[in-house]
Structure formats: C-alpha cells, structure tokens
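The values are calculated or read from the model by the stated rules, or taken from the named source; none is laboratory data. Computed from a predicted structure; not experimentally measured. Glycine gets a Cβ as well: all are built from the backbone with ideal geometry, and neighbour counts include every protein chain shown. We work out accessible area using only protein heavy atoms, side chains counted, and drop any ligands, DNA or RNA first. Shrake-Rupley method; radii C 1.70, N 1.55, O 1.52, S 1.80 Å.
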Amino acid sequence: MAEGRDIPTQDRPIAGILWMLATGANFVAVISLVKLVGDGVPAPQAAFLRYLLGLVFLIPFLGPLMRAGLNGRALMLYSGRGLAHAFGVICWFYAMTRIPIAEVTAMNYLNPVYVTIGAALVFGERLAARRILAIALAFAGVLVILRPGFREISDGHIAMLFTALFFGASYLTAKKLSERDSAAVVVAMLSVTVTLLLAPLALAVWVTPTPVQVFWLFLVAFFATAGHYTMTRAFRAAPLMVTQPVTFLQLVWSTLAGWLLFGEGVDGWVLLGGAMIVGAVVFITWREAVLKRRGEEIAG
C-alpha cells in the first residue's frame, strides 16, 4: 500500500472487532457503575446527572452545533427524540436497581428489533418473511429470559421492555435527523435536550447526592461517551455483520461483573435468551447489508 493512502472504510475487520470489544468494555463499565450507585439516587435524578455531567464532553461539538441553523421542524424532531430518550434512560436506570445486570444487558438487545418494526410502520420499509421470523426469534428470546409462569416478572423487567421501546423511537428519529445534520449535531442535540427535559423530573425527586455518587455518575458519563465513540469507530472500520456478533460478549462480561462484583447468580436461561436475541439482530443486520448491496449494484 502506498504511503499516505487512506485505508478504505469498512475494510478492516480486525480493527472493527477490537473497537467493538472496547465498546463492550465501556458499556459494561457503565452498567456496573450505575449498579454501584443503586437506588441511593432516584432514577430520574441519576439519569439527569449522567447527562448534565456529560455535557463537558460536548465542547468539541459546539462549533458544528452553532452553525447547524436548526429550524422549527428540526427543533420539534430533536425535542421529540429527547423526550423519548429521556424516558428510556429513566426506565433503564430504574431497571438497574431492580434486576441483575445480565438481564438488563440481554433485554437491551431488543433495541434494533424495535427499530426494525418501527422502520416498517413509520418509513414503510418492507418486512420480508425472514425478517419477521427473526423478530419472532428475538421475542422468543425475551420469553426465555422472563419465563412467565415459571418465575416472577418484576417491575424492572417491565421497565426494560419500555426502555427498548423508547430507545427504538429515539434511534428512528435519529435516522431521520441524520439525513439533515451531521453526527456531531445529532449527538450534541440529544445530550442537550435530554438534560433539559430530565431537569424538572430530577428536581421533583431530588436527593442531595454524596461526592462519591457524583464521582461515579461522572465516570458513567465518561464511559458512555467513550462507548459511543468506540462504537462509531467500529462501524467505520468494518461492516455491521462483522461487528454485531461481538456484542454478545457484552452479555458474558455483564454476567461475570454481576457475579464477581454484586454476587448475582449466573442464569443460563438469560444467556440462552440473550443469544437468541443477538442471533436475530445479527440476521436482520446481515439481511439489510445484503439488500443494500443489491440496491447499489442495481443502481450502478
């Protein structure tokens, strides 16, 4: 390769896998730290502090944000996305205080499934039979995790179902917004709107946090920001069909973290259900890549 020649995007599978491994490590750190804070800080307040403290990482985005020239329609979309994401974050923080880390991680894999369903309902994207079967497999995985009738379904499990639903709505809106604005603007506006929308909810339940709790939540903001950065690098380095299966390791690591740090039991059913959901997500991702490639070939 000639000196100075750029490496093509999505042509470095090893780099993509390594970046995705780093992503998993960052998000497991986020989950563990939130679990460490526990219910000492109410969920709306913990979510607010996570985003408020994370605003410091948006300083590099101020330039693109000021030049974005957002109109009324864009501001409405950003506000709607911020509202959906804010409720999703509250549900996620609440679930973390109620159910094991592994179950939170496994059920969080539902996000892409909800996005696929939403894309069909909102954007009119076609749901072929194979995608429908993959979606059915994902929901079967949820049933394996929850095992209704064989174990008690807690309010934490219900919160995670709503978490995936709210995040799915947020990601669908982001898809629309990304057609208009740069990634820097989309990320920055999410943090700003979520912080503003969470503020009144946090004030309603405010409990003065200890310096240690503030420190943990600052680390949550740091690792979450790092996780989104490394995930972006992974997507740029390799196709989703290469990086997506690596996300299953996050469930394994979360299970180990729950066992080693918090004394949570290792539940084989959760691992099986999580594997079913990840398998469905990988298949949906692979089908999207195949269809996109066919469309490019036809267009060419």
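Brief remarks follow.
- In the stretch 1-36, residue farthest from Pro209 (Cα to Cα) [restricted to those that are β-branched (Val, Ile, Thr) and at pLDDT 60 or above]: Ile14
- Residues (open to solvent by less than 20 Å² (accessible area, probe 1.4 Å) and over 22 Å from Ile158 (Cα atoms)) located in the stretch 59-91: Ala74, Tyr78
Every residue, every condition in (1) surrounded by fewer than 12 Cβ atoms within 10 Å (Cβ to Cβ); (2) out of contact with any Ser or Thr (no Cβ under 9 Å at 6 or more places or on another chain); (3) charged (D, E, K, R), yes or no:
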residue: Val115; (1), (2), (3): no, yes, no
residue: Glu125; (1), (2), (3): no, no, yes
residue: Ile132; (1), (2), (3): no, yes, no
residue: Ile135; (1), (2), (3): no, no, no
residue: Phe150; (1), (2), (3): yes, yes, no
residue: Ile153; (1), (2), (3): no, yes, no
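- Qualifying residue in the stretch 215-223 (condition: assigned to a helix (DSSP H, G or I), over 20 Å from Leu75 (Cα atoms), over 17 Å from the mean Cα position of the chain (by Cα) and aliphatic (A, V, I, L, M)): yes
- When the stretch 173-187 is limited to residues that are in a helix (DSSP H, G or I) and charged (D, E, K, R), the one that is farthest from Phe57 (Cα to Cα) turns out to be Lys176.
- When the stretch 92-113 is limited to residues that are more than 18 Å from Leu137 (Cα to Cα) and assigned to a helix (DSSP H, G or I), the one that is most open to solvent (accessible area, probe 1.4 Å) turns out to be Tyr94.
- For the stretch 252-300, filtered to residues that are open to solvent by less than 40 Å² (accessible area, probe 1.4 Å), in contact with a Phe, Trp or Tyr (Cβ under 7 Å, 6 or more places away or on another chain) and β-branched (Val, Ile, Thr), the residue that is modelled with the lowest pLDDT is Val281.
- Being of a type in the set (A, V, I, L, M, F, W, C), free of Cβ contacts under 8 Å to residues at least 60 places away in the same chain, assigned to a helix (DSSP H, G or I) and in contact with a Leu (Cβ under 8 Å, 6 or more places away or on another chain) is a property that does not hold for Val192.
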